[in-house]
Amino acid sequence: MEFISEVVEIRDYRDEDKVQMRTVKVRLAPDAKFDYKAGQFAMLAMDGFMLRATPNALKWTSYSIASSPNQQGILEFVFKIKESNGFSQFVRDNLQLGMKLKIRGPFGNFVNEKSMPHLILVATGAGIAPIIGMIRFLLQNGSAPKTTLVYGFRNSNYFVYKEELEQYAKTNQNFTLVSTCSKPDSKWQGRKGYVQESLKDMRYDDPGNTQVFICGNPIMVSEVRRLMHEKGLPIGNLHIEQWEGA
């Protein structure tokens, strides 16, 4: 099913005088019934961004949903801007408040449908999108198990949802935030390195009762998957969403 939404909020994350990351909130029509599960994705399109081979047809691009299903009528997306003449660059250069985004969905099986005592969430960059959707949903419902988020990014300017995630860590005893910079700037006072290194330092007392959700760049996903297998995590407890953005 296709929906028309209105852009109601844009937040940019800048580095080296350029917008590198952008979060966008859209509002659906009051009668729209867009029912989704935390972790799923949608297909997005915008007037003016067309298929190169078929210039009169819109190009649709997949993006994970960052909002919680509890936020009725509101959807949120995270864009990592790539200088490739793709959809993220078009959004950066053209999208403004009040404009329309076309949406299809929801799609995908990157969802938490098991109840286990431990949850490890791993993300890099814009891979935080489906992960924060899960966190928001679990915390809002008061149903979060013991949850650890390991989130990696280039430097402090790429720390998407910093204030929100740090607040969750302060106010929810079941939620632990491990944030790490791969190329830290002078402002960064936290952990340095890649998420793989942070995960190696963690204890895994009960891998059979632990679920792991991983979303981010392919190299990270491959290395974390191998590490989790080495730690004894059953293959059915490992869930992966891998993409490189557009």
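The values are calculated or read from the model by the stated rules, or taken from the named source; none is laboratory data. Quick caveat: nothing in here was measured; it's all calculated off a predicted structure. In this analysis, Cβ positions are derived from the backbone assuming ideal geometry, glycine residues included, and neighbour counts consider all displayed protein chains. The protein model used for the area step is the full one, side chains on, heavy atoms only, and it has no ligands, DNA or RNA in it. Shrake-Rupley method; radii C 1.70, N 1.55, O 1.52, S 1.80 Å.
In table form, for the structure just shown:
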{"read-out": "Ellipticity estimate at 222 nm from DSSP helix runs (n ≥ 4, -39,500 (n - 2.57)) divided over the chain, nearest 500", "value": "-6000 deg cm²/dmol"}
{"read-out": "Selection of GluC sites (Glu not before Pro), the stretch 1-50, meeting DSSP coil and at most 12 other Cβ within 10 Å", "value": "Glu16"}
{"read-out": "³J(HN,Hα), Karplus 6.51/-1.76/1.60, whole Hz, each residue of the stretch 174-184, x for Gly, Pro", "value": "8, 10, 10, 10, 10, 10, 9, 9, 7, 9, x"}
{"read-out": "Accessible solvent surface per residue of the chain, calculated while the other protein chains remain in place, 1.4 angstrom probe, Å²", "value": "50 Å²"}
{"read-out": "Eligible aspartates and glutamates near Lys18 by straight Cα distance, threshold 14 Å, same-chain separation 8 or greater", "value": "Glu83, Asp93"}
{"read-out": "Semi-axes of the equivalent ellipsoid for the stretch 31-180, Cα gyration tensor, largest first, Å", "value": "30, 18, 13"}
{"read-out": "Net length gained if the chain between Lys162 and His229 were fully extended (0.36 nm per residue, minus Cα distance)", "value": "21.1 nm"}
{"read-out": "Backbone N within the stretch 147-190 under 20 Å of label point (7 Å from Asp205 Cα along the Cβ vector)", "value": "147-150, 172-178"}
{"read-out": "From phi via Karplus (6.51, -1.76, 1.60), per-residue ³J(HN,Hα) for the stretch 201-208 in Hz, x at Gly/Pro", "value": "7, 7, 8, 10, 6, 9, x, x"}
{"read-out": "Inter-label distance for Phe107 and Ile4, nm, one decimal - labels placed 7 Å from Cα along Cα-to-Cβ", "value": "2.3 nm"}
{"read-out": "Qualifying GluC sites (Glu not before Pro) in the stretch 106-179, DSSP loop, other Cβ atoms within 10 Å at most 10", "value": "Glu113"}
{"read-out": "Whole-Hz ³J(HN,Hα) from phi, Karplus 6.51 cos²θ - 1.76 cosθ + 1.60, for the stretch 39-56, glycine and proline x", "value": "x, 6, 10, 10, 9, 10, 8, 9, 3, x, 9, 10, 5, 5, 7, 9, x, 9"}
{"read-out": "Residues Leu51 and Lys170, FRET efficiency given R0 of 41 Å [Cβ-Cβ distance, rounded to 0.05]", "value": "0.35"}
{"read-out": "Qualifying trypsin sites (Lys or Arg not before Pro) in the stretch 136-234, DSSP loop, other Cβ atoms within 10 Å at most 11", "value": "Lys187, Arg203"}
{"read-out": "Fraction of accessible area attributable to carbon and sulfur, the chain (%, probe 1.4 Å)", "value": "46 percent"}
{"read-out": "Nitroxide proxy distance, nm - points 7 Å out along Cα→Cβ at Met99 and Asp35", "value": "3.3 nm"}
{"read-out": "Rough spin-label spacing in nm, given labels placed 7 Å along Cα→Cβ, for Lys146 and Arg11", "value": "3.0 nm"}
